[in-house]
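Q: Quick one: structure below, then a few questions.
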Amino acid sequence: MRNFKTTAVISVVVAILFVVAACTPSDTNGVKVTTYSPQDITSKSAMCGGEVVVQGDIALNELGVCWGTSKNPTADGTHLSTSNWQQPFTCKINHLTPGTTYHVRAYVKRGLECYYGNDVTFTTTMGGGGGANVAGTIQGKFSVAMGEQVYFSQGNLQYHPVQQQWRFAEKQWDIIGAENANVSANYNGWIDLMGWGTSGFNNKYPYMTETMSQAYAEEFADISGTNYDWGVYNPISNGGNQAGIWRVLERNEWEYVFFKRQTSSGIRYAKATVNGIYGVILLPDDWNTSYYSLNNVNSNTNSAVYSGNEVSATDWTSKFENHGAVFLPAGGTRVGISTTTYSHGLATDASGWYWSGTMCDGNRAYILYFSNASLLPYREYYIGPAMSVRLVRDVE
């Protein structure tokens, strides 16, 4: 539980800027909860949140938002709690219905008591959002939850420290590799391995070399959909060049796309080499087996090595990417200022390490990890090392 000792409203928004709703509830037993107006509303999601102010030394044990289509929703119904107690707080709610009006309230629990903020309404959009036409978008659709699909970016995320510029790799198999060891604020080149939540927000930059988890995103909270999310905070130069278009996948979404989704072909993924680079091919929901025959599909066992599928650059472009397939190259990882024994690219034991936006505990986050011996889309790992980032856009 957290102890709050304050009687003043904290007015600086750290993660997302909100406009305070018109109605503010009065204090109840020294606890005052305010619901903020939702922001970043799409057809299926919204950033919600609020603020809690208490008097004296009052212990609170849960903080979050609750929502529904009827007035005054409660935490006994659909709700989302957050581990980020920094005030004001934010929560991204997903899996909403397009063109629907919702009611949302911030809440906080003190033992068995629950205190609510004012009821605020918002309406999701009807969808559209440019469809698959935004620059840098692979055309295939991938289910990440029941009724939820995304488009992947054309390549892994890259950053140039001197130019302070973000871009997607030109080709899906492109990786920087050992040159990531040159990372620094003055490095005049591109890097593609980044620490947890290093979007540039709050001075958390991809060139950070600290190895301690505590140096990274604040309050050890989930970053997907927040300003610590690389695609939310930054314009991607060859990906629409506007902030807020892209985002990082959550832990459950990585698991769903690899293990749980239903596809027309029955195939979800396969380890492979593409243009000589080791990695994993993800096939879209509507993949047709007539496009290309793959071996060892949907297998994360020791026998599913990269060598079962060798795809040329020509075949990749004409038979895979043109049909919406995604390639996740084994980019390795970096710890501190040096590359490690975790190999990348051309090595037969190459490994891929990809961030999710979901925190596991105070020192670890969930990642997608694969090598020639395994594949795990929800591995728990310390947030100090730098890893690959692959962004997605929601299909609206």
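The values are calculated or read from the model by the stated rules, or taken from the named source; none is laboratory data. Because the structure is predicted, anything quoted here is derived from the model rather than measured. Every residue, glycine among them, receives a Cβ derived from its backbone with ideal geometry; neighbour counts consider all protein chains shown. Quick note on the areas: whole protein, heavy atoms, side chains included, nothing else; ligands and nucleic acids left out. Shrake-Rupley method; radii C 1.70, N 1.55, O 1.52, S 1.80 Å.
Q: Obtain the nm distance between the two label points defined at Cys114 and Glu380 by a simple spin-label model: each point lies 7 Å from its Cα along the Cα-to-C-beta direction.
A: 2.8 nm
Q: Report the residues of region 253-282 in range of a label on Ala313: point 7 Å along Cα→C-beta, backbone N strictly under 15 Å from it.
A: Answer for region 253-282: 274-278.
Q: Top mean-square fluctuation among Ser356, Ser37, Ser70, Gaussian network model of the chain, C-alpha springs under 10 Å?
A: Answer for the Gaussian network model of the chain: Ser70.
Q: Taking the Cα centre of the chain as the origin, how large is its charge dipole in debye, to the nearest 20, when only Lys and Arg (+1) and Asp and Glu (-1) carry charge on their Cβ atoms? Walk me through the numbers before you get to the answer.
A: Working: 25 positive and 31 negative charges, 35 e Å.
It comes to approximately 160 debye.
Q: Then there is this: Take the residue pairs Lys32/Lys109; Lys260/Lys319; Lys171/Lys204; Lys141/Lys319; Lys171/Lys260; Lys44/Lys204 and return only those whose Cα atoms are more than 19 Å apart. Working shown, then result.
A: Details: Lys32/Lys109 12 Å; Lys260/Lys319 25 Å; Lys171/Lys204 27 Å; Lys141/Lys319 16 Å; Lys171/Lys260 27 Å; Lys44/Lys204 29 Å.
Beyond 19 Å: Lys260/Lys319; Lys171/Lys204; Lys171/Lys260; Lys44/Lys204.
Q: Along Cα→Cβ, 7 Å out, is where each label goes; now give me the distance between the ones at Trp85 and Asn288 in nm to one decimal.
A: 5.7 nm
Q: I'd like to compare 280-291, 165-176: which one has the highest average count of other Cβ atoms within 10 Å, and what's the full order after that?
A: 165-176, 280-291
Q: Something else about it: At a 1.4 Å probe radius, which order do Glu179, Glu396 fall into by accessible area, largest first? Intermediate results must be reported in sequence, preceding the final value.
A: Details: Glu179 105, Glu396 80 Å².
In descending accessible area the options line up as Glu179, Glu396.
Q: Might you report the magnitude of the Cβ-based charge dipole of region 250-396 about its Cα centre, with Lys and Arg at +1 and Asp and Glu at -1, to the nearest 20 debye?
A: Details: 11 positive and 13 negative charges, 48 e Å.
Using only the charged Cβ atoms, the result is roughly 240 debye.
Q: Looking at the chain from every direction and averaging, what is the projected area of its Cα convex hull in nm²?
A: Working: hull surface 76.8 nm².
Value for the chain: 19.2 nm².
Q: Here is a follow-up. Using 7 Å Cα-to-Cβ label points, what is the Asn188/Asn241 separation (nm, one decimal)?
A: The answer from the label model is 2.4 nm.
Q: Could you calculate the FRET efficiency of Asn202 with Thr123 from 1/(1 + (r/R0)^6), where r is the beta carbon distance between them and R0 is 35 Å, rounded to 0.05?
A: On the way: r = 31 Å, r/R0 = 0.89.
Computed FRET efficiency for Asn202 and Thr123 comes out at 0.65.
Q: Over all directions, how big on average is the projection of the convex hull of the alpha-carbon atoms in region 39-130, in square nanometres? Intermediate results must be reported in sequence, preceding the final value.
A: Values: hull surface 24.7 nm².
Orientation-averaged projected area of the Cα hull: 6.2 nm².
Q: How would region 181-269 be classified by its alpha-carbon gyration tensor: rounded, prolate or oblate, with rounded meaning a/c under 1.5 and the a/b versus b/c comparison settling the rest?
A: Values: a/c = 1.91, a/b = 1.68, b/c = 1.14.
It comes out prolate by the Cα gyration axes.
Q: Students often check this: by mean Cβ neighbours within 10 Å, which of 132-144, 180-192 ranks highest, and how do the rest follow? Before the final figure, lay out each step's value.
A: Details: 132-144: 18.7, 180-192: 17.2.
Ranked from most to least packed, the peptides come out as 132-144, 180-192.
Q: Could the peptides 359-372, 201-214 be put in order, highest first, of the mean number of other beta-carbon atoms found within 10 Å of their residues? Don't skip to the end; give the middle numbers.
A: Numbers: 359-372: 20.4, 201-214: 16.1.
Per-residue Cβ counts within 10 Å, averaged per peptide and sorted highest first, yield 359-372, 201-214.
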